[in-house]
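To keep things clear, I will list the structure first and then write my remarks on it.
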Amino acid sequence: MEKVVTTPLLDLKAQYKTIKEEIQEAINRVLESQYFILGPEVEALELDLAKYCGSKHAVGVSSGTDALLLALNGLDIGPGDEVITTPFTFFATAGAILRVGATPVLVDIRPDTFNIDETKIKAAITKKTKAIEPVHLFGQIAEMEPILNIAEQYGLFVIEDAAQAIGAGAKDKPAGGIGTAGCFSFFPSKNLGAYGEGGLITVNDSALAEKLRILRNQGAHPKYCHKQLGGNFRLDAIQAAVLRVKFKRLEQWTEDRRANAAYYTRALEAADLGGKVQAPLIIRERHVFNQFVIRCEDRDALKNYLAEHAITTEIYYPLPMHFQECFKSHNFGPGSLPIAEEACKNVLALPIYPELTDAQQQYVIDKIVDFYGA
């Protein structure tokens, strides 16, 4: 009888076992302080992550979605404005643009990295364009140098959606420290994940940083005096304390993910599946593999086959933004963004978390090979 090697897409319990005592100490520290909203834990995390991301300032917020929303608000982007972004991403990327009353303008993606195709951005710029919002998808940063050049030429902001890319970079420029603002998510499944919701905005402009801090706290400055309309976008101290424990291990976890990705890539190449499976192409110098996303033939059948053998996978993403119900009025019909549309039909994410064992990885490879009958 074949041995089944249960392989989840993510195993946070395995991670927790390695940091349990320190996590509990950190949480107890917050409980003893009774300082639950913002405060010293959040401030310490902000200092660490600003340095890590190559930015002067970091502003802890309530989620990655709220980071995007607050960045747009902080840059006074709203009704009548357009923001250029990608159709192949998590919904919050475009959803935040809609929520501030602006219009998302979708530009197709590159077929190699899944990131926005920088060569198509200029054609999408109009007099209403206020910003470009590239996504560093799956842990590999977008082609930022030409994007920054375009932004400078047209006087546009650049908001980096770095929700999946903490620690990623190219040419010594880390994700989040390149554009006008960088937006991060600490959703539990992220490479640096909280034990609940959390996010961060990185910026170099001191005035913008101060504005974001005011806006995240109901727009109050001083307390109970509201010159601006803000919201409740504050980061909890307990989440910051958890993240500080995890942050000390982030570099090692990142290298473990990169090693796992290299293992998959070598094994898939050695399997010689006749082009039926393509490992992700690494273009930038530091891909941090928030996901390991392959292109594959008969994707849905492969996903089901792997599930039957106790291997969990995920489709990031089954629908591009312009196929979502709430985008029907935005003049992007089927066939308008063909590369993104094709990607949605053949992408599949394999388990890549740091605690993944060699036996689990080889089992995944063996089952993929079995499926294609190689």
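The values are calculated or read from the model by the stated rules, or taken from the named source; none is laboratory data. Since we're looking at a predicted model, the values are computed, not measured. Positions of Cβ are generated from backbone atoms using ideal geometry, with glycine treated the same way; all protein chains shown enter the neighbour counts. Ligands, DNA and RNA are stripped out before the accessible areas are found, and what is left, the full protein with its side chains, is counted by its heavy atoms. Shrake-Rupley method; radii C 1.70, N 1.55, O 1.52, S 1.80 Å.
Has region 277-285 got at least one residue that is modelled with pLDDT under 95, under 23 Å from LYS190 (Cβ atoms) and charged (D, E, K, R)? Within region 277-285 (the criterion being modelled with pLDDT under 95, under 23 Å from LYS190 (Cβ atoms) and charged (D, E, K, R)), the answer is yes, since at least one residue qualifies. Between TYR263, TYR316, TYR305, the distinction of being in contact with a strand residue (DSSP E or B) (Cβ under 6 Å, 6 or more places away or on another chain) and surrounded by fewer than 21 Cβ atoms within 10 Å (Cβ to Cβ) belongs to TYR316 only. Under the condition of being in a loop (DSSP other than H, G, I, E, B), crowded, with 23+ Cβ neighbours inside 10 Å and of a type in the set (A, V, I, L, M, F, W, C), the residues counted in region 122-142 number 2.
Count of region 221-245 residues, restricted to those that are open to solvent by 20 Å² or more (accessible area, probe 1.4 Å), in contact with a strand residue (DSSP E or B) (Cβ under 7 Å, 6 or more places away or on another chain) and not in a loop (DSSP other than H, G, I, E, B), is 3. Please work out if ALA349 is at pLDDT below 95, small (Gly, Ala, Ser) and either open to solvent by 60 Å² or more (accessible area, probe 1.4 Å) or not in a loop (DSSP other than H, G, I, E, B) (or both). Judged against the criteria, ALA349 is not a match. Restricting region 8-17 to residues that are assigned to a helix (DSSP H, G or I) and in contact (Cβ under 8 Å) with a residue 60 or more places away in the chain leaves a set whose member that is most open to solvent (accessible area, probe 1.4 Å) is LEU12. Residues that are under 12 Å from THR86 (Cα atoms) and in a loop (DSSP other than H, G, I, E, B) within region 317-331 comprise just one, PRO320.
Scanning region 158-210 for residues that are of a type in the set (D, E, K, R), part of a strand (DSSP E or B) and touching a residue at least 60 places away in the same chain (Cβ under 8 Å) returns ASP161, LYS173. Against the definition (within 23 Å of the chain's Cα centre (by Cα) and basic (Lys, Arg)), how does LYS328 come out, yes or no? No; evaluated as a whole, the condition is false for this residue.
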